[in-house]
1. Please pick out the residue among Val131, Val41 that is outside any strand (DSSP E or B) and either touching a Gly at 6+ places or on another chain (Cβ under 8 Å) or among the hydrophobic types (A, V, I, L, M, F, W, C) (or both).
2. If you go through the range 49-72 one residue at a time, do you hit one that is out of contact with any helix residue (DSSP H, G or I) (no Cβ under 6 Å at 6 or more places or on another chain) and in a helix (DSSP H, G or I)?
3. Could you say which residue among Arg110, Arg44, Arg104, Arg77 is out of contact with any Pro (no Cβ under 8 Å at 6 or more places or on another chain) and in contact (Cβ under 8 Å) with a residue 12 or more places away in the chain?
4. Step by step: first the residues of the range 17-39, then only those that are open to solvent by 50 Å² or more (accessible area, probe 1.4 Å) and out of contact with any helix residue (DSSP H, G or I) (no Cβ under 8 Å at 6 or more places or on another chain), then the one that is farthest from Pro101 (Cα to Cα). Which residue is that?
5. Run Val75 past the list (1) in contact with a strand residue (DSSP E or B) (Cβ under 8 Å, 6 or more places away or on another chain); (2) assigned to a loop (DSSP other than H, G, I, E, B); (3) surrounded by fewer than 18 Cβ atoms within 10 Å (Cβ to Cβ) and report the number of the one that doesn't hold.
6. Among the listed residues Gly149, Gly159, Gly105, Gly109, which satisfies the condition of being under 20 Å from Val10 (Cα atoms), among the small types (Gly, Ala, Ser) and more than 17 Å from the chain's Cα centre (by Cα)?
Amino acid sequence: MEMEEVANGVTLRPMRQADLGAVLAIQRLAYGDDYQEDAEVFARKLALAPAACWFAEHGDKALGYVFAHPWSSGVPRLHSPIERLPDVLEQGFLHDLAVSPAARGLGLGRALFGKVQAWSRASHLQALGLVALADAIDFWRGLGFAADGAELPCGYGAGALYMRRSAV
């Protein structure tokens with residue numbers, strides 16, 4: 001299994017189905033109840049694109065995660081499992097990246113994004129898209145994303161933006 005130490009014993013590794021309980025706990029800490037998705041939604045993303053889903057931990061303590069998958073244009077709906085990937089895969093879609101509040105400031109968000117960026121390059125995707133919640137827009141701008149103007153499905157909250165950047 002490919003693991004990478006990023007700082008002070010914190011490692012990134014490919015996500016496993018057994019991590020989904022910890023993912024849900026981090027999601028609740030990071031977002032509260034407003035954006036809580038269920039394990040089925042994440043399990044499907046993991047099954048469709050295991051190379052694009054990563055987990056951060058220190059020993060047996062879960063610290064963060066990222067889910068991404070190939071996609072066409074537009075924005076997938078929240079709270080709905082993806083039955084199958086589109087026939088034409090134009091870009092990668094970074095569905096969710098969250099870091100436990102206790103691990104903020106360690107650079108885990110950037111490190112997890114780096115794994116998605118490496119996956120998108122290896123997959124020969126031309127762009128990455130995501131929905132930035134209002135309080136994360138500056139973080140994503142700092143990583144080269146710009147507002148795209150695509151309409152968002154309901155559920156992303158006030159001030160959320162669809163953002164894109166080149167995959168390279």
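The values are calculated or read from the model by the stated rules, or taken from the named source; none is laboratory data. These numbers come from a predicted model, not from an experiment. Note that each Cβ is placed from the backbone with ideal geometry, even for glycine, and that neighbours are counted across all protein chains shown. Areas reflect the complete protein model, heavy atoms only, side chains present, ligands, DNA and RNA absent. Shrake-Rupley method; radii C 1.70, N 1.55, O 1.52, S 1.80 Å.
1. Working: Val131 fails: outside any strand (DSSP E or B).
From the options Val131, Val41, the qualifying one is Val41.
2. Step one: list which residues in the range 49-72 are out of contact with any helix residue (DSSP H, G or I) (no Cβ under 6 Å at 6 or more places or on another chain), which gives 49-50, 57-61, 70-72.
Going one step further and asking which of them are in a helix (DSSP H, G or I), we end up with 50.
Looking through the range 49-72, at least one residue is out of contact with any helix residue (DSSP H, G or I) (no Cβ under 6 Å at 6 or more places or on another chain) and in a helix (DSSP H, G or I).
3. Details: Arg44 fails: out of contact with any Pro (no Cβ under 8 Å at 6 or more places or on another chain); Arg104 fails: in contact (Cβ under 8 Å) with a residue 12 or more places away in the chain; Arg77 fails: out of contact with any Pro (no Cβ under 8 Å at 6 or more places or on another chain).
Of the residues listed, the single one that is out of contact with any Pro (no Cβ under 8 Å at 6 or more places or on another chain) and in contact (Cβ under 8 Å) with a residue 12 or more places away in the chain is Arg110.
4. Step by step, filter the range 17-39, then rank; the result is Ala18.
5. All conditions are met except number (3).
6. Working: Gly149 fails: under 20 Å from Val10 (Cα atoms); Gly159 fails: under 20 Å from Val10 (Cα atoms); Gly109 fails: more than 17 Å from the chain's Cα centre (by Cα).
Checking each option against the conditions leaves just Gly105.
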